[in-house]
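Visitor: Could you have a look at this structure, given as structure tokens, before my questions?
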Amino acid sequence: MALSLLVAVGPEAPAHAGRRASRRGEDSKEVRLSPDARLGLGLGLGLAGGLSFGTGIGLALRHRHVYPAFVPAPNNADYVAAVSGTNTGAAMIGAGLGLGAGALTAGLGARDRALWGEFAAGGLLAIAGVAWYVTEWQRVQKMLYDGGKEGAVIDLAPLRRETAAASFIGAGVGLALGTGVALLTRYLVARRLVRPGRLTLSGGRFGAGLVARF
């Protein structure tokens, strides 16, 4: 018996199939993930968010004794490292919360419109956080370098606002990343449903053939 492998390219999907797919978004009949897939996606994003949140808390707690004791230049390398570590921790905490929100929305099977809204909200939140962070960062840098001079005023408010701005950046990035992954997953599933691959085994008088269509 002979065995042959044939790879064939199937015909393009008919036009009315494409129109039906496009109308799904219009009448809100989108491709939905199965409950198991939604659960897996939500758990995956939630796990990433929890890991980011826990790591951020660890970084913030690591520098909790150094951060409040302001040390101006010079000889303040340890304090600058504490400020950077705290800001990084705050950003990771925010990212964990953002990913958690995206995981909840994706796990509950929200519509694409809701996911796109959260994606846009995450982007706007990240942009606003960056603008805020840059403003406070300039004030903190000025205070770090001029704080040791005579008559300089030490105010920890810009330092705390800088850390808060870092958490806003992280929250926006985390929310946009979580909802972006959910939207990409739905897109790939929908594309697979529109043009599924087919693998069949055909037989004949003189042998059998394995035919794959894409």
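Visitor: Touching a Ser or Thr at 6+ places or on another chain (Cβ under 8 Å), over 14 Å from Leu108 (Cα atoms) and open to solvent by less than 40 Å² (accessible area, probe 1.4 Å) - does that describe any residue in region 46-60?
Guide: Looking for residues that are touching a Ser or Thr at 6+ places or on another chain (Cβ under 8 Å), over 14 Å from Leu108 (Cα atoms) and open to solvent by less than 40 Å² (accessible area, probe 1.4 Å), one finds at least one in region 46-60, hence yes.
Visitor: Okay, next question. Within region 31-86, track down each residue that is part of a helix (DSSP H, G or I) and of a type in the set (Lys, Arg).
Guide: Selection gives Arg38, Arg62.
Visitor: Can you name the number of the only condition in (1) polar (S, T, N, Q); (2) out of contact with any Phe, Trp or Tyr (no Cβ under 8 Å at 6 or more places or on another chain); (3) touching a residue at least 60 places away in the same chain (Cβ under 8 Å) that Thr86 fails?
Guide: Going through the list (1) polar (S, T, N, Q); (2) out of contact with any Phe, Trp or Tyr (no Cβ under 8 Å at 6 or more places or on another chain); (3) touching a residue at least 60 places away in the same chain (Cβ under 8 Å), Thr86 breaks only (2).
Visitor: Out of region 119-140, which residues are open to solvent by 40 Å² or more (accessible area, probe 1.4 Å), in contact with a Leu (Cβ under 9 Å, 6 or more places away or on another chain) and at pLDDT below 95?
Guide: Arg139
The values are calculated or read from the model by the stated rules, or taken from the named source; none is laboratory data. What you are looking at is a predicted structure, and each value in this text was computed from that prediction instead of being measured. Note that each Cβ is placed from the backbone with ideal geometry, even for glycine, and that neighbours are counted across all protein chains shown. For accessibility, only protein heavy atoms count, side chains too; no ligands or nucleic acids. Shrake-Rupley method; radii C 1.70, N 1.55, O 1.52, S 1.80 Å.
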